[in-house]
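The values are calculated or read from the model by the stated rules, or taken from the named source; none is laboratory data. Note that the structure is a prediction, hence the values are computed from the model and not measured. Note: ideal-geometry Cβ built from the backbone for every residue, glycine included; neighbour counts use all protein chains shown. What goes into the accessible areas is simple: the full protein's heavy atoms, side chains included, and nothing from ligands, DNA or RNA. Shrake-Rupley method; radii C 1.70, N 1.55, O 1.52, S 1.80 Å.
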Amino acid sequence: MRNILFLTLTLSFAMFMSCDDADSFDVRQDALVNYVTDINGTWTLHSIHRDGADITSDIPSATGLTLQVEAGSFTLGSSNIPFPTLGNARTPFSSGSWAFDDDYQPTSINFTNGTDVVVTSLAMPLYASNNSSMGLTFSMGCGATSYQYNFKK
Amino acid sequence: MRRFNFNYKTFIFGFLALPLVFLFVTSCLEIKSVDQADSARAGSSQTITLNVLLDTENNDQNYKRLVVGICAPKDWKVGENAVVTFDSPLNNEPRVGNGTMILDDGAQDKGYKKGRGADGNQNGLTWAENAEEILGYDENYGEMEWVMYYSDQVDAGNTSVEGTVSINLSIGSAHSAAKLGYWVGVHDNGFKMADHVAESTTTGAPSRWYDYEWKKMAILSASADATDLTGPAPTFTATVNAGAEGYTFDDIITVNFDAKEGYLGDNTALYNAGEVFMCATALLGDGTTVAKVDRAPESKMTLTGADYWSKTIWPPAYFGVNDQIITEIHLNFQNADGSIVVKNPGYGTDMVFGEKCQ
């Protein structure tokens, strides 16, 4: 019993001895500033997944789809390819305005023509700037069937 | 405020013409109403009542036999299970206007068992064959049959009477819905139709000596593989899918054609074909159609398995539809020159697909 008590005290002392004052670092002030995520530019669709399965090669015409994004507005390069703002379940629109759900840490993009709002989720995080890849996840017809469009810039 | 102008001349003319309209558009027999449940449990017994008007139109209607037809799924075995009775105020004994009706066995060994077609003459067909040819199966795609019953002779006299026909059926479990058909006529006129009387001042429809009604019934607790007879005919030759949970025609859909799934397990005529083209027709919400049946290059399918062909499309773009809802897609499959056409084996019709989203 006495040995156990001695061993416990020795280990506790050793642990206290191992602790030291934390090092201090200089933090760049601009690192603490939140930047609005920038996706402006022309995005080109390069792969399509339906419920996780890659169907890009099955629908080759869609891979030419361009998505022109400018400050607050968007334009699709064609209204003849599958995109959630098109189709016949609503009044289709190939241009309009868009907005992040959060300008600094976005998880979704909402496309709208002023009347209808189409919500797409971001499949991968975006950087504040210099994004070269963007993935959108959404449903088009049957709500249980999901699509992921991967764009490149 | 707009004032209503009452034109009494028009009213009087219309009032006088009304009996003429009825004369030429009503039938000698009329089903006034059908008392049938909209749904019934599989395995249950159901009674359906037809309320029937018998109008003799002052012709010699004595000693007629009432004939009743029932169109129901074949697996219900109506001929074996149903009991059909009729009742009316007629009671000119010994020819009373009520009793149990007799199943027509199709033997045509008596005059009243010989079916009469649209001209009112015996045409060598049974009553059931005439019903199939003239009335068909309405929205049902074919797993149906007409079963006919006739009564003992009835002395109808020269009067109009209202009677009832009661049909007791056993509901089968192989279908989740069916549109049941009911026909009433008399044995010496059958399916007789007469042209509109040219001398009349009305523009009435042709007269007919019979009447019929269709009424849909949903089957509850049908078996797991039950089909809906009022929907598209089932097929194993083609499939349409998108995700695991189904699709609408706004989805990117994949059409698959299995050339090995022909009639009764045989291969289709496109087995071992070098090329297969998808010939598709879209039915739109306004009832119009858009056909892509010209075997254009974009309709060429891709071989994705052993005699298994696939084509992935986005229907709005494929059919060029941007202001209409697509409600159905009808498919057949052809070789390059169109000399071989594969439709739904066993039905001979295009394979029909509607939206299917859980």
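If I go through the stretch B:283-326 residue by residue, how many of them are farther than 15 Å from B:A238 by Cβ, among the small types (G, A, S) and within 14 Å of chain A (Cβ to nearest Cβ)? Number satisfying all stated conditions: 4.
Output the residues belonging to the stretch A:75-89 that are out of contact with any helix residue (DSSP H, G or I) (no Cβ under 9 Å at 6 or more places or on another chain) and within 14 Å of chain B (Cβ to nearest Cβ). Answer for the stretch A:75-89, where residues must be out of contact with any helix residue (DSSP H, G or I) (no Cβ under 9 Å at 6 or more places or on another chain) and within 14 Å of chain B (Cβ to nearest Cβ): A:L76, A:P84, A:T85, A:A89. When B:V276 is tested against (1) among the β-branched types (V, I, T); (2) within 13 Å of chain A (Cβ to nearest Cβ); (3) over 20 Å from B:A233 (Cα atoms); (4) in contact (Cβ under 8 Å) with a residue 40 or more places away in the chain, only condition (2) is not met. Within the stretch B:132-156, being touching a Cys at 6+ places or on another chain (Cβ under 7 Å) and hydrophobic (A, V, I, L, M, F, W, C) holds for B:M144, B:W146.
Taken residue by residue, the stretch B:268-279 has at least one member that is under 31 Å from the mean Cα position of the chain (by Cα), within 26 Å of A:N88 (Cβ to Cβ) and not assigned by TED's automatic domain parsing to the domain that holds B:Y141. Scanning the stretch B:96-117 for residues that are surrounded by 17 or more Cβ atoms within 10 Å (Cβ to Cβ), in contact (Cβ under 8 Å) with a residue 40 or more places away in the chain and touching a strand residue (DSSP E or B) at 6+ places or on another chain (Cβ under 6 Å) returns B:G97, B:M101, B:D104, B:Y112, B:R116. Looking at the stretch A:90-104, which of the residues that are closer than 18 Å to A:P125 by Cβ, touching a residue at least 12 places away in the same chain (Cβ under 8 Å) and open to solvent by 70 Å² or more (accessible area, probe 1.4 Å) is farthest from the other protein chains (Cβ to nearest Cβ)? Here the answer is A:Y104.
B:G172 falls short on exactly one of the conditions (1) over 13 Å from B:V68 (Cα atoms); (2) assigned to a helix (DSSP H, G or I), and that condition is (2).
Go through (1) away from chain B (no Cβ under 14 Å); (2) modelled with pLDDT of 70 or more one by one and return the number of the condition A:M15 breaks. Of everything listed in (1) away from chain B (no Cβ under 14 Å); (2) modelled with pLDDT of 70 or more, A:M15 misses just condition (2). Taking the stretch B:169-188 as the range and being farther than 22 Å from B:A226 by Cβ and surrounded by fewer than 21 Cβ atoms within 10 Å (Cβ to Cβ) as the test, only B:D188 passes. In summary, B:N121 fulfils each of the numbered conditions (1) open to solvent by 70 Å² or more (accessible area, probe 1.4 Å); (2) under 18 Å from the mean Cα position of the chain (by Cα); (3) closer than 18 Å to B:N189 by Cβ with the single exception of condition (2). Set side by side, the residues B:T248, B:T230 differ, and just one is open to solvent by 10 Å² or more (accessible area, probe 1.4 Å) and assigned by TED's automatic domain parsing to the domain that holds B:V342, which is B:T248. Any residue in the stretch B:152-163 that is touching a residue at least 40 places away in the same chain (Cβ under 8 Å), hydroxyl-bearing (S, T, Y), open to solvent by less than 10 Å² (accessible area, probe 1.4 Å) and closer than 27 Å to B:S88 by Cβ? Looking for residues that are touching a residue at least 40 places away in the same chain (Cβ under 8 Å), hydroxyl-bearing (S, T, Y), open to solvent by less than 10 Å² (accessible area, probe 1.4 Å) and closer than 27 Å to B:S88 by Cβ, one finds none in the stretch B:152-163, hence no. Kindly indicate whether any position in the stretch B:72-88 is free of Cβ contacts under 8 Å to residues at least 60 places away in the same chain and of a type in the set (K, R). Looking through the stretch B:72-88, none of the residues is free of Cβ contacts under 8 Å to residues at least 60 places away in the same chain and of a type in the set (K, R). Going through (1) at negative phi; (2) modelled with pLDDT of 90 or more one by one, A:G41 falls short only on (1). Looking only at the stretch B:278-294, residues that are open to solvent by 20 Å² or more (accessible area, probe 1.4 Å) and either farther than 18 Å from A:I59 by Cα or aromatic (F, W, Y) (or both) come to 11 in all.
Per-residue answers, yes or no, for (1) buried (at least 20 other Cβ atoms within 10 Å of the Cβ); (2) touching a strand residue (DSSP E or B) at 6+ places or on another chain (Cβ under 7 Å):
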| residue | (1), (2) |
| --- | --- |
| B:G305 | no, no |
| B:V321 | no, yes |
| B:E328 | no, yes |
| B:F333 | yes, yes |
| B:D337 | no, no |
| B:P345 | no, no |
| B:G348 | no, no |
| B:M351 | yes, yes |
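Regarding B:K300, is this residue surrounded by 13 or more Cβ atoms within 10 Å (Cβ to Cβ), at pLDDT below 95 and closer than 29 Å to A:A89 by Cα? No: the conditions fail for B:K300.
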